[in-house]
Amino acid sequence: MISHLALSSDEDRLQQLRHWLLFAVSALAIAGAFALLAVLTRTPAVQLLHSAEGLHRAIAGHVTFSLLVWLLAFETVLWILAAAPARRSTRSSWSLALAVIGSGLLIVAVLSGRGAAVLTDYVSVVVDPLFFAGLAIVALGVGLVAWSAVASVSGRRTLLQHGMQSAAVIGVLALAACSVALLRLGAAGRLHGDFVFFQSLFWMTGHLLQFVNVVAMVSAWYLLLGIGFGVEVRDGRLPRLAFTGYVILAGLLFVSTLPLDPRALPANLRLSVLMGIAAALPTLVHVGAVMRAIARRPRGWSSPEGAALLCSVTLFVGGIALGLARAQTGSSMWIPAHYHAVVVGGVTMAFMGLTHGLLVRTGKIAWPRLATLQPWLYGVGMLLVVVGMNWAGGEGAPRKTFDPALGAAAARWVTPMNVMGVGGVIAVLGGAIFVVNALLSLATATDREDADATVVPINTALLRSRIR
Ligand code: HEM
């Protein structure tokens with residue numbers, strides 16, 4: 001079941017993989033720096049930045065580099081892993097160059113003070129042509145790799161290929177949703193660069209991108225099972241059906257919104273909850289498959305990959321439960337609590353664990369001991385962030401708000417926001433250890449002989465062969 005990755009035939013793909021990993025980890029580093037600014041500004045005991053505009057820019061930079069660039073870049077790593085072996089393509093280096101250039105434009109737009117920051121859901125924007133050009137160029141770079149990876153596979157697919165093809169199809173739906181919204185807003189003469197316009201433009205796209213993130217997270221779970229616990233799901237039919245379930249549900253929801261005015265969608269709470277349930281239901285099938293497999297060899301949780309998998313599944317399920325429990329309680333800090341449990345505790349944690357697994361098996365890890373501690377530090381920090389944000393929401397704390405502007409009213413959520421602050425610093429420390437360890441590992445393991453000497457068996461059956 002377990003054998004070495006046939007590195008010689010995949011040298012090209014190995015380089016692509018490591019270059020995109022380097023880009024993804026760099027994007028997370030940028031997102032983490034913005035997160036530190038935002039979290040310490042919303043921590044009453046610190047209040048780092050002294051203006052609402054400063055906070056809004058920090059949040060816009062944070063959301064852009066975390067929810068978009070980091071997640072899409074790591075999903076590109078998964079598409080490269082899912083591509084047919086030994087497929088020579090120069091497209092990837094072009095695509096990476098595009099993604100790097102696009103990210104450069106985004107960072108200039110956020111930091112240079114050009115244009116206003118508009119904090120819409122899922123896609124926060126800076127109203128400046130550089131920002132939109134950057135976003136489009138990053139999407140193009142990622143799209144080119146996803147397209148060639150999906151096109152490279154023929155015949156029966158592995159579970160990973162099935163998962164990442166489902167993610168690619170939903171990615172196309174997300175782009176289509178944005179185009180439809182733009183056309184409809186244009187037809188209604190509503191192309192004004194304000195909150196309502198961007199919220200309507202990106203609402204459906206943002207929701208469909210969460211499907212892409214969840215499908216990619218689950219694909220990473222199956223790889224982490226193999227690497228961390230040395231087990232596979234015995235019967236892949238149900239997981240495959242659940243992957244197809246995401247595509248069908250996302251497609252149905254997309255089609256059902258086509259007749260609706262895009263400006264009406266953000267306020268449609270029922271649709272939001274339905275979207276959440278549609279992404280959660282197939283995931284529960286995968287949670288069952290993963291937990292059954294872990295039960296067969298529970299000792300694996302001591303490895304960084306095993307720890308990341310356990311934290312990811314636990315925080316993801318907790319985040320879904322929080323979302324369902326609080327859905328009817330209006331907008332407050334419970335919403336970022338839900339986001340961080342799902343996309344940070346769930347998706348990002350799984351991607352961090354898989355990064356470790358890939359680096360160990362294609363090179364070496366600079367700080368192996370710290371790598372074992374990292375998932376727990378990040379997990380505990382994120383749990384405190386989620387608890388603090390949700391508690392503050394219960395006290396009425398609004399999202400994305402410069403608290404000093406609210407005067408005495410903000411006194412009600414001082415303690416929970418300080419708890420969030422402590423959690424935020426712990427999580428940023430956990431994130432920094434991950435970033436530095438990954439960058440050092442990528443930088444030091446250039447000599448293949450070196451790497452071969454340290455390679456640990458990888459579960460290529462999962463990567464390449466068919467699930468029985
Ligand atoms: C070190 C880890 C992180 C910390 C401390 C952190 C902290 C924060 C803070 C303080 C906010 C502003 C909340 C508000 O004022 O309403 C925020 C917003 C947000 N963060 Fe993070 N974050 C982290 C990692 C991430 C990651 C990895 C992602 C995505 C992959 C992410 C996605 C988001 C999103 C989508 C929002 C906007 C929430 C909303 O629209 O209400 N965060 N984060």
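Quick one: if you take sqrt(5λ) for each eigenvalue of the C-alpha gyration tensor of the chain, what semi-axes come out, biggest first, whole angstrom?
33, 25, 22
About its Cα centre, what dipole magnitude does segment 1-154 give when the only charges are +1 on Lys and Arg Cβ and -1 on Asp and Glu Cβ, stated in debye to the nearest 20?
120
What does the charge count near F243 come to, summing +1 for each Lys or Arg and -1 for each Asp or Glu among other residues with Cβ under 12 Å from its Cβ?
+3
Keeping all protein chains in place, calculate the accessible area per residue for segment 1-154 (probe 1.4 angstrom), answer in Å².
It amounts to 39 Å² per residue over segment 1-154.
Pick out, from L72, F434, L253, the residue whose Cα sits farthest towards the positive end of the charge dipole of the chain, with +1 on the Cβ of Lys and Arg and -1 on the Cβ of Asp and Glu.
Comparing the listed Cα positions along the dipole, L253 ranks first.
Roll a 1.4 Å probe over the protein heavy atoms and report the accessible area of E305 in Å², nearest 10.
Looks like 10 Å² after rounding.
For segment 161-226, what is the convex hull volume of the alpha-carbon atoms per residue, in Å³?
Given the Cα convex hull of segment 161-226, per-residue volume reads 62 Å³.
Just how large is the dipole of segment 334-437 about the Cα centre, in debye to the nearest 20, putting +1 at every Lys and Arg Cβ and -1 at every Asp and Glu Cβ?
Dipole about the Cα centre, nearest 20: 300 debye.
Roll a 1.4 Å probe over the protein heavy atoms and report the accessible area of D10 in Å², nearest 10.
Estimated to the nearest 10 Å², D10 gives 10 Å².
Which of G318, A181, T415 sits closest to the plus end of the dipole of the chain, meaning its Cα is farthest towards the positive end, when Lys and Arg get +1 and Asp and Glu get -1 on the C-beta?
Farthest along the dipole direction, towards plus: G318.
If Lys and Arg each add +1 and Asp and Glu each add -1, what is the summed charge of the other residues whose beta carbon sits under 15 Å from the beta carbon of Q199?
+2
Compute the separation of the alpha-carbon centres of segment 269-320 and segment 151-172 and state it in Å as a whole number.
21
Please compute, over every Cα-Cα pair in segment 300-457, the percentage with a separation greater than 20 angstrom.
Pairs farther apart than 20 Å: 54 percent.
Using +1 on the beta carbon of Lys and Arg, -1 on that of Asp and Glu, and nothing else charged, what's the dipole of the chain about the Cα centre, debye to 20?
So the dipole magnitude of the chain works out to roughly 1000 debye.
Round to a whole number: what % of the accessible area of the chain belongs to carbon and sulfur, probe 1.4 Å?
69
Just the accessible area per residue of segment 262-305, please: how many Å² with a 1.4 Å probe?
It amounts to 53 Å² per residue over segment 262-305.
Report the local net charge at W413: Lys and Arg +1, Asp and Glu -1, summed over other residues whose C-beta lies under 11 Å from its C-beta.
0
The values are calculated or read from the model by the stated rules, or taken from the named source; none is laboratory data. Since the model is a prediction, treat every value here as computed from it, not as a measurement. Because the Cβ atoms are built from the backbone with ideal geometry, glycine has one as well, and the counts that use them run over all protein chains shown. What goes into the accessible areas is simple: the full protein's heavy atoms, side chains included, and nothing from ligands, DNA or RNA. Shrake-Rupley method; radii C 1.70, N 1.55, O 1.52, S 1.80 Å.
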